[in-house]
Amino acid sequence: CGFTIQGGTGTFISAPGEYRSAMSGGGIYMSGGKITDNAITNNHVRFTWNASGGGINVIESDHNVVIRNNKIYQNSNYSDTIYTKGAGINICSVDWSGLVENNLIHNNYGYTESQYKSMGGGLGISRWSSCTGQAIIRNNKIYKNTLEGDSITCGGGIMGSYHYDGASADLHPI
C-alpha cells in the first residue's frame, strides 16, 4: 500500500478577472503523473469563490494521468460565493487524457452557500470540445457522496460537463 494523504487545505490559484481565483486540490494538486494505491482522506478545501478537488485536483493537463486503486473518502469542498466541484476528485482540462480506475470514492461532501452550483460529489470532470485526448472512467465504486447548496446541485456521484469552444467534436461516453 502507498501513502495516507490527509489534512490538506488546497493550493491557491490566482487568475485574472472577478471570481476566477480558486482553492484546489486539498490532498493532491497535479497536472500529470500517476496516483496509485493511496488513501486520500480528510482534506478540506474552503474558499470564498471556487473550491474544487477536495481529495485530488487535476488541472490543465496535456499529460497522461492515471488515478488507480485509491481510497478517496471524507474530503470536502466549501464555497460561500461561487461553486464547488469534485469533492473527491476534480478534473478540469482543455486536453486531458487519462484513466480513473478501480478507486473507492465515498463519503465526500460539497457545499455552496450561494446562487451558483455544487457539482460532482464523488467525481467532477470538465473537458473542452477541442479536446483530442481520451478520458476513461471505469470500475470505480462511487457511493454516499453528498452535495448541498442554496441553489443548484448536480452529480452527487459523478458530474461531467463538456464546454463548447468552437471546435467540432463528438462526445462518446463508454
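The values are calculated or read from the model by the stated rules, or taken from the named source; none is laboratory data. Since the structure is predicted, the reported quantities are computational estimates derived from the model, not experimental observations. Using ideal geometry, Cβ is built from the backbone for each residue, glycine included, and neighbour counts are taken over all protein chains shown.
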Study note, to complete from the structure: Subset of region 15-31, residues exposed (fewer than 14 other Cβ atoms within 10 Å of the Cβ) and touching a strand residue (DSSP E or B) at 6+ places or on another chain (Cβ under 9 Å), comes to ALA15, TYR19, ARG20
Point to revise | Selection status of THR9, surrounded by fewer than 18 Cβ atoms within 10 Å (Cβ to Cβ) and either at pLDDT 85 or above or in contact with a Pro (Cβ under 7 Å, 6 or more places away or on another chain) (or both) | key: yes
**Study point:** Some residue of region 48-69 being more than 18 Å from ILE136 (Cα to Cα), of a type in the set (Val, Ile, Thr) and at pLDDT below 85
**Key:** yes
Study note, to complete from the structure: Among strands (runs of 3 or more DSSP E) entirely inside region 40-88, those with 2 or more residues being surrounded by 24 or more Cβ atoms within 10 Å (Cβ to Cβ), among the β-branched types (Val, Ile, Thr) and in contact with a Gly (Cβ under 9 Å, 6 or more places away or on another chain) are 56-59
Practice item. Count, please, the residues in region 107-133 that happen to be surrounded by fewer than 20 Cβ atoms within 10 Å (Cβ to Cβ) and either outside any loop (DSSP other than H, G, I, E, B) or at pLDDT below 75 (or both). Key: 8
Practice item. Please indicate, with yes or no, whether at least one residue in region 135-155 is within 21 Å of SER24 (Cα to Cα), within 12 Å of the chain's Cα centre (by Cα), at pLDDT 65 or above and part of a loop (DSSP other than H, G, I, E, B). Key: yes
